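See below for the structure under consideration.
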Amino acid sequence: MSPKTLYDKIWDAHVAHEAEDGTCLLYIDRHLVHEVTSPQAFEGLRMANRTVRAPDKTIAVPDHNVPTTGDRNAVIENEESRIQVEALDRNAKDFGLIYYPVNDVRQGIVHIVGPEQGWTLPGMTVVCGDSHTATHGAFGALAHGIGTSEVEHVLATQTLIQKKSKNMKVEITGKLRPGVTAKDITLSVIGATGTAGGTGYVIEYCGEAIRDLSMEGRMTVCNMAIEGGARAGLIAPDETTFDYVKGRAHAPKGAQWEAAMDWWKTLYSDDDAQWDKVITIKGEDIAPVVTWGTSPEDVLPIDAVVPAPETFNGGKAEAARRAIEYMGLTPGQKLSDIEIDTVFIGSCTNGRIEDLRAAAAILKGKKIKDGLRAMVVPGSGLVRAQAEEEGLARIFQDAGFEWRLAGCSMCLAMNPDQLSEGERCASTSNRNFEGRQGYKGRTHLVSPAMAAAAAVTGRLTDVREMM
Amino acid sequence: MNKFEKVSGIAAPMPLVNIDTDMIIPKIFLKTIKRSGLGVNLFDEMRYDRQGNENPDFVLNKPAYREAEILIAGDNFGCGSSREHAPWALADFGIKVIVSTSFADIFYNNCFKNGMLPIILPQEQVDVLMKDAEKGANARMEVDLEKQTISTSEGETFSFDIDPFRKHCLLEGLDDIGLTFEKVAEIDAFEARAAQARPWV
Ligand code: SF4
């Protein structure tokens, strides 16, 4: 048999039909649904008198525009948000989907809930009408974001029309230095490849530094594969993966667990597999990083300075000029001199328990800078409960952070958690686009530990100075 | 879906690279539960000030480009989120064709589902089209999907590649779900096999 990559193996196991031109119908094992990209898809089903083919493989949860304040269970003030959430309530009921409504403790960001509940398992195909579906690739599942028309297609047929992508290997060798986290890895990879570097590829992350990561860290890495242009990121499952999955509510049990493990253990790229592109980065070369611009590729180590637009080639020079103006920065300015107004800890990139632990470790016994606004939005109700149990919530609150309910919140600011014009935020989310966190808001992407350090000093800060 | 006809229309130049989906349609407009009516909010934050007045410098606000049907854009157009609201807004505005050196995958895919044609060309050719588009309303370009060509107002013609299946679906205005339902026997058979092989799924 010819050698295969992990991507090849999962792909081959899910092709339900292949046309002569290579267009495939890929069978979908898990379909995750949220309130923003699904209403039009359900409407389409109703209009054509169609049903959901596999409601037991379709998991819905509202997350994008739910408020994160305690009063949300009574009523969602914003009318349009309320209508979307109510539409999801109704669609989940009418079509018989698995559902975690707003007031369920298991509610949270869809990409945190899926793994937490054991819906995401190695070797699966997972889709969601959301680009950060790549997160689930951390389990060795082929997971990608789809548009609303495709959401409707999967609801109706449990398949997706797909052509195979190319294989790209991103290897992070050796060990990370202290203060460097999964977020720094994934941002550094994007810095090296650009936001279009992965277009047309599925990325497999490997190497010692990746192996050493926890599942939380691996999810952070895969989460941002899309920011590098790749539709999916993958990490081969291993003992770390199996330990995380075992015992979760919807993970297989008993004999089924054994059978699943037999297959899961075959899910790795063969030694002599062919790669269309290979990138290698030394773990010890990665520093704690921040973004200075309005694209995730605008990333530099915290001890660098704001670059001059002229140093870029082609259309990027103009984009950099525009970004620096939008961000209100000056070329040559030290990144660690940039003062911030706000800190946001949360999102599907960094809203898991380990992220909160990392931030709390820096904050313990400290206060946030006077006048700063800081909030923690746990990725799910269960993460929140665990953080309260471990005493992390106390640490955040004592330091001056707001302690919120679960949701996407200020990652995309569709709910009331928004930046105001010119407000500058150190954020653990994944996109620093213009207006992403609020109209004319300014976003610097950082790791949770770096966000905590910035909260204490009131400026972008090298976390290594606080360790 | 409507069949994709030949397009002869005005092309608007947007040389910026990495135009993301948040720029194309800011999230406040994602709260709709409909597909239609998003065209007025296309590029909202670049197109209007906070009071809703048009920014006269923005390309689609200039008299020459208000009826544009073609966009000539910088590299990596449509990066960012999976929101299909981006192609919905473009289509609702009247855009039928977008040309760039590269597109983000999900956006590229979403275009076809909405009867729009994204064309990928090498930098030199995009540069020629960009120059031509900058001439304004008299510069009508021709796009012929059947022949896979795009021509400048001066008749310079470039050929583009497109996946044959996607081309066929656009030309015929085919609905993907309808097509897939023709293969329901294969899906049933796959599902039965998978239930044996991977019963835990
Ligand atoms: S947390 Fe942010 S990136 Fe993640 S699903 Fe929500 S809005 Fe999207």
- Kindly indicate which of A:D303, A:D337 is loosely packed, with under 15 Cβ neighbours inside 10 Å and over 30 Å from A:I210 (Cβ atoms). A:D337
- Residues of segment B:135-158 being among the hydroxyl-bearing types (S, T, Y), surrounded by fewer than 17 Cβ atoms within 10 Å (Cβ to Cβ) and within 20 Å of the chain's Cα centre (by Cα), which ones? B:T149
- Query: Can you name the condition, by its number, that B:I33 falls short on among (1) out of contact with any Cys (no Cβ under 8 Å at 6 or more places or on another chain); (2) within 14 Å of chain A (Cβ to nearest Cβ); (3) touching a residue at least 60 places away in the same chain (Cβ under 8 Å)?
  - Reply: (3)
- Message: Among the residues of segment A:264-286, are any open to solvent by 70 Å² or more (accessible area, probe 1.4 Å) and of a type in the set (A, V, I, L, M, F, W, C)?
- Response: yes
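How many residues, within segment A:136-179, are out of contact with any Pro (no Cβ under 8 Å at 6 or more places or on another chain), within 16 Å of the ligand (Cβ to nearest atom) and touching a residue at least 60 places away in the same chain (Cβ under 8 Å)?
Let us first name the residues in segment A:136-179 that are out of contact with any Pro (no Cβ under 8 Å at 6 or more places or on another chain), namely A:137, A:142-146, A:148-178.
Retained after the next criterion (residues that are within 16 Å of the ligand (Cβ to nearest atom)): A:137, A:143-146, A:148, A:151.
Subset that is touching a residue at least 60 places away in the same chain (Cβ under 8 Å): A:137, A:143-145, A:148, A:151.
Residues flagged as out of contact with any Pro (no Cβ under 8 Å at 6 or more places or on another chain), within 16 Å of the ligand (Cβ to nearest atom) and touching a residue at least 60 places away in the same chain (Cβ under 8 Å) within segment A:136-179 amount to 6.
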- Which residue, of A:Q84, A:Q40, is outside any loop (DSSP other than H, G, I, E, B), within 16 Å of the ligand (Cβ to nearest atom) and under 30 Å from A:L412 (Cα atoms)? A:Q84
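Just the residues that are assigned to a loop (DSSP other than H, G, I, E, B) and over 24 Å from A:R352 (Cα atoms), please, taken from segment A:171-191.
Initially, segment A:171-191 is screened for residues assigned to a loop (DSSP other than H, G, I, E, B), giving A:174-181.
Result: A:G174, single match.
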- Message: Whether any residue in segment A:12-29 is within 9 Å of another protein chain (Cβ to nearest Cβ), within 16 Å of the ligand (Cβ to nearest atom) and under 22 Å from the mean Cα position of the chain (by Cα) is what I want to check.
- Response: no
- Query: If we keep just the residues of segment A:435-461 that are away from the ligand (no atom under 16 Å from the Cβ) and farther than 14 Å from A:I340 by Cα, which is surrounded by the most Cβ atoms within 10 Å (Cβ to Cβ)?
  - Reply: A:A449
- Message: Could you tell me how many of the residues in segment B:164-201 are open to solvent by 30 Å² or more (accessible area, probe 1.4 Å), β-branched (V, I, T) and in a helix (DSSP H, G or I)?
- Response: 1
- Any pair with Cβ under 9 angstrom, 6 or more apart, that starts in segment B:51-68 at a residue that is over 15 Å from B:A137 (Cα atoms) and ends at one that is polar (S, T, N, Q) and open to solvent by less than 30 Å² (accessible area, probe 1.4 Å): B:E54/B:N61; B:N55/B:N61
- May I ask you to say which residue of B:D161, B:D132, B:D127 is open to solvent by 30 Å² or more (accessible area, probe 1.4 Å) and in a helix (DSSP H, G or I)? B:D127
- Condition broken by A:V127, with the remaining ones in (1) more than 9 Å from chain B (Cβ to nearest Cβ); (2) over 17 Å from B:S81 (Cβ atoms); (3) not in a helix (DSSP H, G or I) satisfied: (2)
- When segment A:374-422 is checked residue by residue, the ones that are within 17 Å of A:Q437 (Cα to Cα), outside any loop (DSSP other than H, G, I, E, B) and within 16 Å of the ligand (Cβ to nearest atom) are A:M375, A:V376, A:S409, A:M410, A:C411
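The values are calculated or read from the model by the stated rules, or taken from the named source; none is laboratory data. Keep in mind that what you see is a predicted model, and the values were worked out from it rather than measured. Using ideal geometry, Cβ is built from the backbone for each residue, glycine included, and neighbour counts are taken over all protein chains shown. Remember, those area values only see protein heavy atoms, side chains included, never the ligands or the DNA or RNA. Shrake-Rupley method; radii C 1.70, N 1.55, O 1.52, S 1.80 Å.
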